[in-house]
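To start, the structure under review is shown below, and the notes come after it.
The values are calculated or read from the model by the stated rules, or taken from the named source; none is laboratory data. Not measured: the values here are computed from a predicted model. Because the Cβ atoms are built from the backbone with ideal geometry, glycine has one as well, and the counts that use them run over all protein chains shown.
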Amino acid sequence: MKKIIRALALLIASAIISGCTDLPDSSRTDSSRPDIVPVFSENSEITESNSVPENSDVPEIPEKTEPEYVSWMLEEKVHEIRIEMTPENWNKLKSAPYSKTYFPANVSIDGEVFENVGIKTRGNASLYAAVEAQNLRFPFKIKFDKYVDGGNFLGLDELALNNGGDDYSFMRDFLGYEAFRMMDGYASCVTFFNVYLNDELRGFYVGVEAIDSSYLERYFNSHKHNLYEGENNATLQPGMSLKCFTQKKGSDTSMTDISQLIKALSEAPLGEKGEIEKYLDVDSALKMLAINSVVDNRDGYGGLFAHNYYFYSVDGKLVMIPWDMNAPSMSAYTDVASPTIGVYNNSHINSRPLAKKLVAVDEYYAIYLDYCKQLADKLPELKEKVLRVYEMIKPHVEKDPNKFISNWTFNNQFSTGNPSGVVTFLSVRYTYLQKRLEELKGKPVPNSVLNP
């Protein structure tokens with residue numbers, strides 16, 4: 001009888017799961033293109049996780065598994081993307097690249113064809129580099145569900161293709177996101193592609209998992225809450241225009257959660273938590289500040305432009321998510337005592353209240369330094385991965401007909417004789433941080449950081 005009850009329970013649970021799956025986001029449907037037929041990966045699945053007490057008669061439900069694209073992207077391999085656009089749409093795209101307008105295209109990835117996906121230009125400095133070089137080597141974004149409701153590649157709905165316009169090593173995205181992965185942070189997956197457009201090789205690209213529905217489902221089991229991208233000058237200072245954020249998802253467009261965080265940061269006395277924890281997932285922010293400091297990423301919140309990060313609202317708190325890791329300066333001696341780095345180094349921490357108010361709290365600063373130490377200890381391992389991937393991508397980069405640099409310049413990025421190269425940075429940074437973090441251990445944030 002007990003076995004019969006368990007079997008019935010399993011059937012009921014399965015029926016409930018299959019009947020309660022989220023419906024596709026209707027906002028992705030393009031009603032102006034009724035001719036489009038949905039394209040799905042045959043391996044796409046939705047699974048749920050649930051926990052049950054031991055010795056319970058309730059059947060155990062398998063834990064949620066990561067989508068197939070994760071292991072596909074993390075495999076150390078160079079893939080091939082072929083993009084097919086009509087001559088009319090290609091001419092429109094290349095004649096107005098800064099408009100960043102989506103156009104329909106057919107895309108094949110390692111031979112698997114996806115019809116009616118959206119493609120547009122992306123980026124800032126990297127897009128400018130392509131326009132100035134007049135080589136049509138644009139950075140692209142591919143959105144599989146732009147015109148096809150539920151369209152995806154192995155579960156992935158959006159892919160960014162970086163052209164190396166501001167990263168001559170083609171390695172800094174890999175290095176940055178791998179650092180977040182080593183620290184169990186919110187890391188996008190990274191892989192590499194030879195990209196063809198209308199059968200012509202455009203060049204070697206770095207592919208990055210975009211912050212979209214599949215990414216949010218992977219980390220947060222939901223993609224419908226408020227998602228904001230921090231644009232230039234998203235400093236979180238009092239009086240900051242909320243237009244410095246672009247809302248990507250969420251039905252509540254008031255941006256009240258951003259306003260509440262700005263207010264909490266402003267009103268928290270220096271050295272005290274105030275109500276910061278009520279509106280901010282502090283751990284995600286401390287981890288981001290620490291990782292960016294260790295890899296010397298000067299293009300995030302703590303850098304000169306205070307951009308290239310996302311907030312996602314989870315249980316009433318904003319979680320900080322990294323984005324665009326391809327432009328660190330690679331200065332091995334940048335001090336991690338301050339989580340703000342850039343042209344003015346510590347002097348602009350006063351205009352980065354999220355950084356200043358967090359590190360002024362002794363408990364938070366200790367966590368920040370601990371994250372710095374954890375990653376610093378992993379730099380030799382990270383260096384080994386970088387060198388291994390370099391050997392893998394080297395022949396592809398060297399055959400790239402449109403890259404912005406010479407083969408010598410690319411290979412010099414990995415020479416131990418280049419003081420500003422990737423390999424030298426990782427070696428010297430490790431040695432420097434072992435000493436510097438020991439000096440900072442157990443101490444409050446230096447007054448020179450809070451009052452530069």
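Quick notes
- Members of segment 123-152 found to be closer than 21 Å to Tyr219 by Cα and out of contact with any Asp or Glu (no Cβ under 8 Å at 6 or more places or on another chain), listed by number: Gly150
- Filter result for the condition that a residue is out of contact with any Leu (no Cβ under 6 Å at 6 or more places or on another chain), assigned by TED's automatic domain parsing to the domain that holds Ser293, part of a helix (DSSP H, G or I) and not hydroxyl-bearing (Ser, Thr, Tyr), over Glu384, Glu439: Glu439
- If the condition is being out of contact with any Gly (no Cβ under 7 Å at 6 or more places or on another chain) and among the polar types (S, T, N, Q), then segment 350-408 contributes Asn350, Ser351, Gln374, Ser406, Asn407.
- Qualifying residue in segment 133-156 (condition: of a type in the set (Ser, Thr, Tyr) and within 22 Å of the chain's Cα centre (by Cα)): no
- Of the candidates Phe174, Phe204, Phe170, the single residue that is in a loop (DSSP other than H, G, I, E, B), at pLDDT 95 or above and within 16 Å of Tyr390 (Cα to Cα) is Phe170.
- Considering Lys273, Lys263, Lys249, Lys243, the condition of being touching an Asp or Glu at 6+ places or on another chain (Cβ under 9 Å) and either modelled with pLDDT under 95 or loosely packed, with under 13 Cβ neighbours inside 10 Å (or both) is satisfied by Lys243 alone.
- Pair list, Cβ under 9 Å, 6 or more apart: segment 82-98 residue in the same structural domain as Ile142 (by TED's automatic domain parsing), other residue assigned to a helix (DSSP H, G or I) and crowded, with 18+ Cβ neighbours inside 10 Å: Met85/Leu93; Pro97/Leu127; Pro97/Ala130; Tyr98/Leu127
- Only one of Asn297, Asn350 that is of a type outside the set (Lys, Arg) and in a loop (DSSP other than H, G, I, E, B): Asn297
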